[in-house]
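One structure is given below, encoded as structure tokens.
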Amino acid sequence: MKLLKKIPPTVFRLGLVSLFNDMAKEMIYPVVPLFLAQVLGAGPAAVGWVEGVAESTSSLLKVFSGIGADRVKKKKPFLIFGFAMSTLLRPLVGLASTWPWVLFLRFADRMGKGVRSAPQDALIADVTNGKNRGVSYGFHSAMDDAGQLIGPFIAGGLLLLGLSFRNVILLSIIPGVMAWITVWTIHEKSSGPLKPQKLALFRDWNTLGGRFKYLLSVLFIFSLGNSADAFLMIRLSQVGVSNWLIALLWGVHGGVRMIVSPYGGSLSDRWGRKPLMISGWIYYALIYLGFALLSDKTSMIFLFLAYGVFYGLCEPSEKAFVADLAPKELRGTAFGYYNLIIGLGALPASLIFGFVGQQWGYPTAFGVGAALAGLAAVGLLGIRTRR
């Protein structure tokens, strides 16, 4: 309860929006890779394309929306438009008849995320300070994760009741609409009169400083080994875990993230962002090594659930670190670049994993991811911090 007292009202409402939106997103996320593999007959390379393109699209658009939000000095319009896109397009995946159609619709859905995410992160930075920024990002991540807990349980329950993958995906429109309605209740303070400016992609790059650029370079190395979580669920299926249980496990995984994220963010406020990120990346490498070396069902389930701790340690710390290093007037831009780098790594990461998995097997692909995470953790030691 002490942590909740530090959360500004704007962050609390953004958390509710994320709760509903992630319920919708996570109803279909554990279903889509199984839908691709079992209904549409797509192999690991196709899954790599679908998830890689989806995440890269989202991240690449974030740089433009972040810069745009700084230029127009308004974040809420980007949120309204972005959530509307995802709410309308996401459920249409359930009507797809071939995997390229899934690719196209996932691409369109993640365009909505790309429009809204950097302005949303910048808005949180605007209403927080160094004493509550980490815990606020942790709270927001926890509400995301609460949606990830609830959404897959709804999906798993619907599958148990006999609904098809297609029907579960179509029903995700309900919590999506709830998210879009809630975003209208957010109040954003006026930032003064708008001064028309050009949307120059790299105009403020040098202003962001060397430490910020170094952080992005190390994040890029890590992102190359951070392939889509869809591969984890396919791996569970390979060792004999049933479809409905995979959906429920993805929900429990979200519950782990929900519990850990506020504490991970709070620890980064007290101990510093860098130690939490290094610990989280090493932890990630160990989890991926486990997926590479072990193959029994019980071990796979344990590792999958333990994997949620990584997000709780790293996600709030990364975002708070970006906000700490960026000038106040360029936070949207900074989060845009942050997501651009993650996006530039997301597509090759999933394609590399899909190619290695198809040629030499999933254990080898997980081993490559572990090695890249370890390399990034070593690289992070080189960034200078003031705390």
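Here, each number is a calculation from the coordinates, and none is a lab measurement. A quick note: this is a predicted structure, and the numbers were derived from the prediction, not measured. Heads up, the Cβs are rebuilt from the backbone with ideal geometry, glycines too, and the neighbour counts pull from every protein chain shown.
Note on the range 217-291: the C-alpha convex hull projects to 5.7 nm² when averaged across all orientations. Using the Cβ-Cβ distance between W101 and F12 with R0 set to 35 Å, the FRET efficiency from 1/(1 + (r/R0)^6) comes to roughly 0.40. Evaluated with a Cβ-only charge set (Lys, Arg +1; Asp, Glu -1), the chain carries a dipole of roughly 1420 debye about its Cα centre, given to the nearest 20. Quarter the surface of the alpha carbon convex hull of the range 323-368 and you get the mean projected area, 3.8 square nanometres. Quotient of the Cα radius of gyration of the range 275-319 and 2.2 N^0.38 Å, N being its number of residues: 1.21. Structural descriptor for the range 80-193: relative contact order 41 percent, calculated from alpha carbon pairs under 8 angstrom and at least 6 residues apart. Sorted on the mean count of surrounding Cβ atoms within 10 Å across their residues, most packed first, peptides 136-144, 164-172, 208-216, 317-325 read 136-144, 317-325, 164-172, 208-216. For the chain, the Cα gyration tensor yields ellipsoid semi-axes of 31, 24, 20 Å (square root of five times each eigenvalue, largest first, whole Å). In sequence order, the range 237-251 has phi-based couplings of 4, 4, 8, x, 7, 6, 4, 5, 6, 4, 4, 5, 5, 5, x Hz under the Karplus curve 6.51 cos²θ - 1.76 cosθ + 1.60, θ = phi - 60°, and Gly or Pro positions carry x. For a test of the definition: using alpha carbon positions, the gyration tensor, and the 1.5 limit on a/c, classify the range 230-372 as rounded, prolate or oblate. Verdict is prolate for the range 230-372.
For the options L232, L219, L163, a Gaussian network treatment of the chain with springs between C-alpha atoms closer than 10 Å singles out L163 as fluctuating the most. Computed over the chain, relative contact order equals 30 percent, with contacts defined as Cα pairs under 8 Å that lie 6+ residues apart. Using amide H atoms built 1.01 Å from N in the peptide plane, name the residues 5+ places from A326, or on other chains, whose amide H lies under 5 Å from its own. Those lying under 5 Å, H to H, from A326: there are none.
Roughly how compact is the range 66-150, stated as its Cα Rg over 2.2 N^0.38 Å to two decimals?
1.30
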